[in-house]
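J.: Here it is: the structure, laid out below.
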Amino acid sequence: MKIAITGASGFVGTAIQRYFKQNEYVHIHRDEDVAQIVQKLKGVDTVINLAGAPIIHRWDDAYKKVLRSSRIDTTQTLIEAINQSDVAYLISTSAVGIYPNNAPCDETSQIGDDFLAQLTKEWEEAALACNKPTAILRFGVIFGKNGGALTTMLPAFKFGLGGVIGNGKMMTSWIALGDLMKIYGFLFEKRLTGIFNACAPNPVTNRVFTKALGSVLKRPTLLPLPTFLLKIYYGEGAKVITDSKEVRPKKLQELGFEFDYPDITSALRAAV
């Protein structure tokens, strides 16, 4: 199968090309226009849209524009090209940040009303303008080797400096990289359409996550991290770390998808 992919050099894009190495890949870049992309899409069966600037960053007005442009504008250009092509299937990216805080959520839940939720909503709307069969994956926090969320966490934890954030009660919806790749394979095979939560069935509190990572690394986790320090460093962007998202993959489970890493300890062992 010939696959076109945006964000090909990122953590997930690299993993897809490694896990599904039997496929042929075409890389689409953010600075390419519709005509250039249409040319690249010749002979392409499936498009995977992973474009988007890093969300864990200090948010100021300028960076919010980067977040919007890298997601919404890039996706709009891509979709315009796909709609002029013979592409058969699109898998686009979203995030569990679309959901409200402090509430159990699945794909039927209402979306939130903050900047991140509205950004994600518009990102999905841009993808859903595609006139080809389309699936959207709402990513949880991804745990895997050589990248993802653990990249910034592991050095501190390995030195015994990891600790609970704030009161430790905020929920984290997460997924092992291996299970995320399995979801892509599931979509490739079944050509499913619609919106799916790409997260494990067992979200955990920050306290549970912290203790699990410390246990896997055999390191203490005694130093708490006050949320005000994150706000000083990341500004409004600290919400990505301090928000509480309790999201479950209802639709995937109803379709019979089985997770290889349903609990946080097994996922972290595989990742580190």
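The values are calculated or read from the model by the stated rules, or taken from the named source; none is laboratory data. Model, not experiment: these values are computed from the prediction. We place every Cβ from the backbone using ideal geometry, glycine too, and count neighbours over all the protein chains shown.
J.: Name every residue in region 218-272 that is among the aromatic types (Phe, Trp, Tyr) and closer than 25 Å to Pro54 by Cβ, in order of residue number.
T.: The answer is Phe228, Tyr233, Tyr234, Tyr261.
J.: Another question, then. Going through region 143-169 one residue at a time, which ones are in a helix (DSSP H, G or I) and aliphatic (A, V, I, L, M)?
T.: Leu150, Met153, Leu154, Ala156
J.: A further question follows. For the condition out of contact with any helix residue (DSSP H, G or I) (no Cβ under 8 Å at 6 or more places or on another chain), over 30 Å from Met171 (Cβ atoms) and of a type outside the set (S, T, N, Q), what is the one hit in Val44, Val96, Val66, Val34?
T.: Val44
J.: Still on this model: Give me the helices (runs of 4 or more DSSP H) completely within region 24-142, filtered to those with at least 3 residues that are more than 27 Å from Lys250 (Cβ to Cβ) and either in contact with a Pro (Cβ under 8 Å, 6 or more places away or on another chain) or in contact (Cβ under 8 Å) with a residue 24 or more places away in the chain (or both), ordered by residue number.
T.: Result: 34-40, 61-68, 74-82.
J.: Just wondering, is there one or more residues in region 181-192 that are surrounded by fewer than 18 Cβ atoms within 10 Å (Cβ to Cβ) and touching a Ser or Thr at 6+ places or on another chain (Cβ under 6 Å)?
T.: The answer is no, given that none of the residues of region 181-192 is surrounded by fewer than 18 Cβ atoms within 10 Å (Cβ to Cβ) and touching a Ser or Thr at 6+ places or on another chain (Cβ under 6 Å).
J.: Could you figure out which of (1) at pLDDT 95 or above; (2) part of a helix (DSSP H, G or I) isn't true of Tyr233?
T.: (1)
J.: Continuing with this model, one more query. Somewhere in region 79-87, is a residue in contact with a strand residue (DSSP E or B) (Cβ under 8 Å, 6 or more places away or on another chain) and acidic (Asp, Glu)?
T.: So far as region 79-87 goes, no, none of its residues is in contact with a strand residue (DSSP E or B) (Cβ under 8 Å, 6 or more places away or on another chain) and acidic (Asp, Glu).
J.: If you go through region 207-233 one residue at a time, how many are surrounded by 15 or more Cβ atoms within 10 Å (Cβ to Cβ), farther than 19 Å from Gly140 by Cβ, in contact (Cβ under 8 Å) with a residue 40 or more places away in the chain and in contact with a helix residue (DSSP H, G or I) (Cβ under 7 Å, 6 or more places away or on another chain)?
T.: Of the residues in that region, 6 qualify.
J.: Quick one: count up the residues across region 9-23 that are closer than 18 Å to Ala271 by Cβ and part of a loop (DSSP other than H, G, I, E, B).
T.: 1
J.: Check whether at least one residue in region 2-25 is in contact with a strand residue (DSSP E or B) (Cβ under 9 Å, 6 or more places away or on another chain), among the basic types (Lys, Arg) and either surrounded by fewer than 21 Cβ atoms within 10 Å (Cβ to Cβ) or farther than 22 Å from Leu180 by Cβ (or both), and report yes or no.
T.: Yes, region 2-25 contains at least one residue that is in contact with a strand residue (DSSP E or B) (Cβ under 9 Å, 6 or more places away or on another chain), among the basic types (Lys, Arg) and either surrounded by fewer than 21 Cβ atoms within 10 Å (Cβ to Cβ) or farther than 22 Å from Leu180 by Cβ (or both).
J.: Taking region 1-23 as the search range and keeping residues that are free of Cβ contacts under 8 Å to residues at least 24 places away in the same chain and over 18 Å from the mean Cα position of the chain (by Cα), which one is nearest to Lys145 (Cα to Cα)?
T.: Restricting to residues being free of Cβ contacts under 8 Å to residues at least 24 places away in the same chain and over 18 Å from the mean Cα position of the chain (by Cα), the top hit is Lys21.
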